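Single-structure report; data block below.
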């Protein structure tokens, strides 16, 4: 959780019936990431800048600027997520569990005046992680 009373975080936890290696690939391989999250030029190296790109909508150009903050293969991935005045951090934590992997996703840094972004992230990550399940069940070896 955030230490500051002025920011909030979206937290979603899911268990997948796939090993951490497989979940990790879906989080860190650009082509797989594009299947469940967004088009991207992600490169899993600390300090690398990259972008997620979606279809532009009325008040958004469809670009999210990011930078890789932390990578611990098959355990932890973190990057910044900056778009439309929102400066936040996404953190994925993978924990092996019997029969699969427990995935914890936290996006932190939502200010109290960013209610729409906060609600959008709550909805968006539920949708994205649902797509991740489909990608894991399908094409990921």
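What to note about this one:
- Some residue of segment 77-89 being under 17 Å from residue 11 (Cα atoms), surrounded by fewer than 18 Cβ atoms within 10 Å (Cβ to Cβ) and in contact with a helix residue (DSSP H, G or I) (Cβ under 9 Å, 6 or more places away or on another chain): no
For (1) part of a strand (DSSP E or B); (2) closer than 15 Å to residue 33 by Cβ; (3) in contact (Cβ under 8 Å) with a residue 12 or more places away in the chain; (4) under 15 Å from the mean Cα position of the chain (by Cα), each residue gets a yes or a no:
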site: 65; (1), (2), (3), (4): yes, no, yes, yes
site: 71; (1), (2), (3), (4): yes, yes, yes, yes
site: 81; (1), (2), (3), (4): yes, yes, yes, yes
site: 87; (1), (2), (3), (4): yes, no, yes, yes
site: 90; (1), (2), (3), (4): yes, yes, yes, yes
site: 96; (1), (2), (3), (4): yes, no, yes, no
site: 103; (1), (2), (3), (4): yes, yes, yes, yes
site: 121; (1), (2), (3), (4): no, no, yes, yes
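- Per the listing 14, 25, the residue uniquely touching a helix residue (DSSP H, G or I) at 6+ places or on another chain (Cβ under 7 Å), more than 20 Å from residue 107 (Cβ to Cβ), at pLDDT 95 or above and surrounded by 13 or more Cβ atoms within 10 Å (Cβ to Cβ) is 25.
- Subset of segment 104-134 that is buried (at least 19 other Cβ atoms within 10 Å of the Cβ) and touching a helix residue (DSSP H, G or I) at 6+ places or on another chain (Cβ under 8 Å) - its residue that is farthest from residue 81 (Cα to Cα): 132
- Flag for residue 132 being within 11 Å of the chain's Cα centre (by Cα) and closer than 19 Å to residue 31 by Cα: yes
- Within segment 45-67, the presence of a residue that is in contact with a helix residue (DSSP H, G or I) (Cβ under 6 Å, 6 or more places away or on another chain) and either modelled with pLDDT under 95 or over 22 Å from residue 8 (Cα atoms) (or both) is excluded.
The values are calculated or read from the model by the stated rules, or taken from the named source; none is laboratory data. The structure presented is a predicted model; accordingly, all values stated were derived computationally and were not measured. Reconstructed Cβ throughout: ideal geometry from the backbone, glycine too, with neighbour counts over all protein chains shown.
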